[in-house]
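The values are calculated or read from the model by the stated rules, or taken from the named source; none is laboratory data. Predicted model only: the values in this text are computed from it and were never measured. All Cβ positions, even for glycine, are placed from backbone atoms using ideal geometry, and neighbour counts span all protein chains on display. For accessibility, only protein heavy atoms count, side chains too; no ligands or nucleic acids. Shrake-Rupley method; radii C 1.70, N 1.55, O 1.52, S 1.80 Å.
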Amino acid sequence: MRMNYLEKKIFDALYDGVLIADQDTIVRYINPAYTRITKVEVDDIVGKPLLEVRPGAQLPSVIKSGKKLLRIPRKVGEVEYIVNMAPIIEQGEIIGGISILNEINDIYKLTEALNQSNMMIKKLEKYMKTMGKAKYTFENIISIDKNSLETKNLAKRIAKKDSNVLITGESGTGKELYANAIHNASDRQNGPFIAVNCATFDSNLLESELFGYEEGAFTGAKKGGKIGLFEVANGGTLFLDEISEMNYGLQAKLLRTLQENTIRRIGGLKEIPIDIRVIAATNKSLEKMIEENRFRKDLYYRIAVFPINIYPLRDRREDIKYLIENFLDEMGRKINRQVNVCEDVMKLLYSYGWPGNIRELKNTIEFAINMTDEDIIRQEHLPKIIQSEGVKKNLVKLKNLDEIIKETEIAEIKKVILIYGDTVEGKKKAAEALGISLATLYNKLKQ
Ligand SMILES: Nc1ncnc2c1ncn2[C@@H]1O[C@H](COP(=O)(O)OP(=O)(O)O)[C@@H](O)[C@H]1O
Ligand SMILES: [Mg+2]
């Protein structure tokens, strides 16, 4: 059995390990891959009986029987591989056999990597589902006051149109909530809802978040490039929160996108068509920023087709009571405890200025629920700044002089004990320093 030059070249080049033995099971050839996989060198094996060098080898039985043996797993030391063995037959006669070795590690590693990618894809899909969804609808927006009812009705009407929307209002008035609700009431409700806060990115980063980039667009660009949020939001709504924080240059790029309905990734040449509705929000006056040349007038007209202004909470006080009740229910359900506010507190919360609007109200209720162990919220459970509003408005129940004296006494005694130490000896000294007897000191502490 002789191999010609070309055959040898081909076998030498194979990635799989190859061993050829003659009909007497003497090894005639191994290729470099065989050495790579098994660490057996040519000189150790060629010209020798196979079983002598590789005890347990099955090729001899294949040569004897003339039957193939396929996919036989083998493990030598750390290396695992799969062997396919076949007889070599010439003119009906078995003249030898061939073993072909596939390293299992390669297959194994690939499978492992594939499994991991699959898991990652599943995670991402799950994440994308929540990320691309708007949580709230108009039903979640509490509005009883005639001012807020007006806003809600306007927003409902606008939701059905497919134009861009600009929502203005102080921080915490519900701009993001409205953006959610508008998307969910629109024809795009089944498309994605993607929220971006323009204030959380510096301008270069914001540009690449929105437009994406091609591989190699700039140093630090990820391999394979990156898809931008315009593309992610395709077919749905893009909520641009705090749009006033977008820099002037990027504003021009956004305007162009809204006019042409296409985007180009950074470093890319292709125009990608996109179909999105933009809902922008701001708590700053864009009109004023236009005067100061900090916001583009042309962009303003593009996004402010339908402006919605949300009143600050102090201008729709009738909502306060209902919001409080709603938050009490919501949070009470979580802790399995129905908590209410006493009348004094309701009055105070009604008249308070709420500079942080509904967000502040919500946080206040959460704070108070955590401060009370009962099922009623009293003034002392409120955050300090709201309590002091109450003092100003004379809403706090005053303590009588006796109570004040007692409290002050005890506080002073405790201070002195802290100095001398909380032992009998320390207390003796404290009493002495305060000019009272030890018995009186104990008495006062007991109260
Ligand atoms: N009318 C409302 N009814 C119920 N909850 C509201 C209402 N308006 C705002 N909220 C709640 O107040 C918080 C602040 O609202 P958000 O939309 O984030 O305000 P903004 O975006 O204007 O700062 C959120 O928890 C939101 O769910
Ligand atoms: Mg917000």
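Going by the alpha-carbon gyration tensor, a ≥ b ≥ c the square roots of its eigenvalues, is the chain rounded (a/c under 1.5) or, if a/c is not under 1.5, prolate (a/b greater than b/c) versus oblate?
oblate
Distance between the C-alpha centers of segment 92-119 and segment 406-444? Whole Å please.
Between the Cα centres of segment 92-119 and segment 406-444 lies a distance of 85 Å.
How far is helix 318-335 tilted off the main Cα axis of the chain, in degrees rounded to 10, range 0 to 90?
50 degrees
Give the carbon-plus-sulfur fraction of the accessible surface of the chain in %, rounded to a whole number; probe 1.4 Å, heavy atoms of protein chains only. Working shown, then result.
Details: 13940 of 26380 Å².
Of the solvent-accessible surface of the chain, carbon and sulfur hold 53 percent.
Treating the angle as unsigned and between 0 and 90°, give the value, to the nearest 10°, between the Cα long axis of helix 146-160 and the longest Cα principal axis of the chain.
Roughly 20 degrees between the two axes.
Work through the residues other than T25 whose Cβ is under 15 Å from its Cβ and net out their charges, Lys, Arg +1 and Asp, Glu -1.
Overall, the nearby charge balance is +1.
In nm, to one decimal, how far is the L149 label point from the E407 one, both placed 7 Å along Cα→Cβ?
4.3 nm
Distance check, please: which entries in K152/K297; K122/K223; K8/K109 exceed 23 angstrom between their Cα atoms?
With Cα atoms farther than 23 Å apart: K152/K297; K8/K109.
Rounded, prolate or oblate, given the Cα gyration tensor of segment 5-106, with a/c below 1.5 counting as rounded?
In terms of gyration-tensor shape, rounded.
Helix-only mean residue ellipticity at 222 nm, the chain, DSSP H runs n ≥ 4 weighted -39,500 (n - 2.57), per residue, nearest 500. What is it?
Theoretical 222 nm ellipticity from helices: -14500 deg cm²/dmol.
So for segment 37-193, considering every pair of alpha-carbon atoms, how many percent are separated by more than 25 Å? List each step's numbers first, then the result.
Working: 7483 of 12246 pairs.
Pairs farther apart than 25 Å: 61 percent.
Greater than 20 Å separation of Cα atoms is the criterion. Which listed pairs, K334/K384; K406/K444; K135/K160, meet it? Spell out each step's value before the answer.
Details: K334/K384 25 Å; K406/K444 8 Å; K135/K160 18 Å.
Exceeds cut-off: K334/K384.
Specify the angular offset, from 0 to 90 degrees and rounded to the nearest 10, of the alpha carbon long axis of helix 175-184 from the longest principal axis of the alpha carbons in the chain.
Approximately 50 degrees, to the nearest ten.
Decide, for segment 314-392, between rounded, prolate and oblate: order the square roots of the alpha carbon gyration tensor eigenvalues as a ≥ b ≥ c, take rounded if a/c falls under 1.5, and otherwise choose prolate if a/b is larger than b/c, else oblate. Don't skip to the answer; put the middle values down first.
Values: a/c = 1.78, a/b = 1.29, b/c = 1.38.
The shape class here is oblate.
At K75 and K414, where each label point lies 7 Å from the Cα along Cα→Cβ, what is the point-to-point distance in nanometres?
Using points 7 Å along Cα→Cβ, the separation is 6.8 nm.
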